[in-house]
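Enquirer: One structure coming up, written as structure tokens, with questions to follow.
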Amino acid sequence: MGRPSDIPVWRHIGEAPCPPSGQERVTIAIVGAGPVGLAMALEFGRRGHQVLLLNRPDFISAGSKAICFSKRSLDIFDRLGVGDAIVEKGVSWNVGKVFWGDRPDPVYQFDMLPVKEQKRPGFLNIPQYHVEDILFDAASTLSSIDMRFGHEVTNVLPDDDGVDLEVRTSLNSYKVRADWVIACDGSRSPIRSMLGLEFEGRIFEDNFLIADIRMKGDHPSERWFWFDPPFNPGQSALMHKQPDDIWRLDFQLGWNIDRKAAVAPENVEPLVRAMLGPDVEFSREWYSIYTFQCRRIERFLHGHVIFAGDSAHLVSPFGARGCNGGFADIDNLGWKLDLILRGEAPASFLETYDEEAIVTADENIRNSTRSTDFITPKSETSRAFRDAVLELAQDFPFARPFVNSGRLSTAISYPDSGINTPDMDRWVGGVAPGSPVIDVPIGNRWLLDRLGNRFVVLADGWQGPAPDGVEIIDVGIAAETLQLIRRRFDFSPGAACLIRPDQYVAARWRTPTPALVSDALRRARGLA
């Protein structure tokens, strides 16, 4: 298919051959092999489903994309079998610091892993192309996944029973009939355009410079953010450490700029040296300008075409909510479509993906919009409020939660989801229905690793046989960590909770019975 000259190549895959016949029939076709599409393919492939993954470029692109992956995404990577490889390559961090003006000490700092004794850190910095590399290699080991790079979807024709796709390569064209199509084809989604779907939301009038540089440095593995620094007065800046001596520097530039001139080395290097020091030695990896928007399509589910990731929603980069929000989509969708394909849930069960994924998208858009408004105030009143918050935050703890340098991505709960079973008992804390499980050590393993991707009952002393369709994990026998588990889940002897395959709590009880668990399980599968 060739490639535009402005897209750098990280890894050349090559164009896959066309299928031998002119028409194919598949169960799941995924369009787009970015991180979300690759993770989606791995999700279904590991569950035993045949997957066709179509990607227009015949390579993994380099350049500056997502680099910050949240603990929730790391937990999902673990479930997909790639967590260790990604964490080993990346730079782990928990602490973020916020600076203001020329003051050498932070006015505020935060910890992205306030609950300790968990397997994964609060965040990991790793360039997107490394993540795609690792996901691609993992998917390549599964015969259930057919990855075709260099194959472009040129038309999509959905009907009541499935979707017809027209696909083109550099040599030929062919057709695919899919029961389900998952569009993971990015912010400029051709699938979205072919179906005439529009984004709704807000576009922000500002420009930011990304300067990925290579240098040796002894800066800690922390997120540093500046408001109105002396090296970029009146604007903001950000610094992140990446693997392989790469550093992500981010500079706010304002709206009315010459974008071409802004990325010229003679204009970028003074900013870098002003931030890091006049004698710093560095080399350019990637310079680019970005603007951003906070928008989404109205629905993510359109018959047998399902949208996930940037094809469904876009946010500003403040808070690292874009790619992490996409992984939340695949985590939510995978187990639900799996149940439908196995005949264990009705097709209407996918409506719960639409509902819960939109809750996630709206929460990410709301937080990203608030972050952007705080970072880039567009009125004197807004700026005065922001500066007052920063001034107070130095000395008064009550003001620090108002400092918003990008509320970083965390797992989002669905307290009003229709597949939750509401609490029947009194709880004073713990993990409520619709919220993700908090990791905890159990013996020489971690709880999330033991949960896997199936329905599980976590119990503090289970009596009697296990209900059909679930496995019992009895933490009452883990004496060395029992008190920690009881604190995190607000368990008392005999309590239990039902956990979904995406490791969210579906129900909990002080005195569970097989009948109560069975009812909650039916509800969580969309059968009640």
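Enquirer: How many of the residues in the range 486-528 are part of a loop (DSSP other than H, G, I, E, B) and either of a type outside the set (Gly, Ala, Ser) or more than 18 Å from residue 356 (Cα to Cα) (or both)?
Expert: Adding up the residues that qualify gives 16.
Enquirer: A further question on this structure: Would you pick out the residues in the range 259-284 that are of a type outside the set (Val, Ile, Thr), surrounded by 12 or more Cβ atoms within 10 Å (Cβ to Cβ) and assigned to a loop (DSSP other than H, G, I, E, B)?
Expert: Residue satisfying the conditions is 282 alone.
Enquirer: In the range 313-350, what residues are without any contact (Cβ under 8 Å) to a residue 12 or more places away in the chain and part of a loop (DSSP other than H, G, I, E, B)?
Expert: Answer for the range 313-350, where residues must be without any contact (Cβ under 8 Å) to a residue 12 or more places away in the chain and part of a loop (DSSP other than H, G, I, E, B): 342, 343.
Enquirer: Oh, and also: With the requirement that a residue be under 16 Å from residue 43 (Cβ atoms) and aromatic (Phe, Trp, Tyr), what does the range 336-370 give you?
Expert: Passing the criteria: only 353.
Enquirer: Residues in the range 200-216 that are touching a helix residue (DSSP H, G or I) at 6+ places or on another chain (Cβ under 8 Å), of a type outside the set (A, V, I, L, M, F, W, C) and surrounded by fewer than 18 Cβ atoms within 10 Å (Cβ to Cβ): how many?
Expert: Final tally of qualifying residues: 2.
Enquirer: List pairs: first residue in the range 491-509 and over 11 Å from residue 458 (Cα atoms), second residue buried (at least 24 other Cβ atoms within 10 Å of the Cβ) and charged (D, E, K, R) anywhere in the structure, Cβ distance under 6 angstrom, at least six positions apart or on different chains.
Expert: Listed pairs, sorted by first residue: 502/331; 506/500.
Enquirer: Hey, another quick one. Please go through the range 392-401 and pick out each residue that is without any contact (Cβ under 8 Å) to a residue 60 or more places away in the chain and closer than 12 Å to residue 107 by Cα.
Expert: 392, 395, 396, 397, 399, 401
Enquirer: Answer yes if at least one residue in the range 165-184 is under 30 Å from residue 286 (Cα atoms), under 28 Å from the mean Cα position of the chain (by Cα) and buried (at least 21 other Cβ atoms within 10 Å of the Cβ), and no otherwise.
Expert: yes
Enquirer: Right, next: With the checklist (1) among the acidic types (Asp, Glu); (2) surrounded by 21 or more Cβ atoms within 10 Å (Cβ to Cβ); (3) touching a Ser or Thr at 6+ places or on another chain (Cβ under 9 Å) in hand, flag the one item residue 439 doesn't pass.
Expert: Here residue 439 clears every test but (3).
Enquirer: Something else now. Scan the range 83-110 for residues that are among the β-branched types (Val, Ile, Thr), crowded, with 20+ Cβ neighbours inside 10 Å and in a helix (DSSP H, G or I) and report the count.
Expert: 1
Enquirer: Sticking with this structure for a sec: Quick one: in the range 376-416, of everything that is surrounded by fewer than 17 Cβ atoms within 10 Å (Cβ to Cβ) and of a type in the set (Gly, Ala, Ser), which residue is nearest to the chain's Cα centre (by Cα)?
Expert: Restricting to residues being surrounded by fewer than 17 Cβ atoms within 10 Å (Cβ to Cβ) and of a type in the set (Gly, Ala, Ser), the top hit is 382.
Enquirer: Out of the residues in the range 111-157 meeting the condition of being of a type in the set (Val, Ile, Thr) and in contact (Cβ under 8 Å) with a residue 60 or more places away in the chain, tell me which one is surrounded by the most Cβ atoms within 10 Å (Cβ to Cβ).
Expert: Of everything passing the filter in the range 111-157, 131 is surrounded by the most Cβ atoms within 10 Å (Cβ to Cβ).
Enquirer: Could you please let me know if residue 431 is assigned to a loop (DSSP other than H, G, I, E, B) and either modelled with pLDDT of 95 or more or crowded, with 18+ Cβ neighbours inside 10 Å (or both)?
Expert: So residue 431 passes the test.
Enquirer: Please work out if residue 355 is of a type outside the set (Gly, Ala, Ser), in a loop (DSSP other than H, G, I, E, B) and surrounded by fewer than 22 Cβ atoms within 10 Å (Cβ to Cβ).
Expert: For residue 355, the condition - of a type outside the set (Gly, Ala, Ser), in a loop (DSSP other than H, G, I, E, B) and surrounded by fewer than 22 Cβ atoms within 10 Å (Cβ to Cβ) - is not met.
Enquirer: While we're looking at this one, here's another question. State whether one or more residues within the range 31-53 are in a loop (DSSP other than H, G, I, E, B), touching a helix residue (DSSP H, G or I) at 6+ places or on another chain (Cβ under 6 Å), outside the structural domain of residue 449 (by TED's automatic domain parsing) and surrounded by 21 or more Cβ atoms within 10 Å (Cβ to Cβ).
Expert: no
Enquirer: For residue 366, are the conditions met, namely being loosely packed, with under 15 Cβ neighbours inside 10 Å, assigned by TED's automatic domain parsing to the domain that holds residue 496 and not small (Gly, Ala, Ser)?
Expert: Answer is no for this residue.
The values are calculated or read from the model by the stated rules, or taken from the named source; none is laboratory data. Here the structure is a predicted model, which means the values were calculated and not measured. FYI the Cβ positions are ideal-geometry reconstructions off the backbone, even for glycines, and counts take in every protein chain you see.
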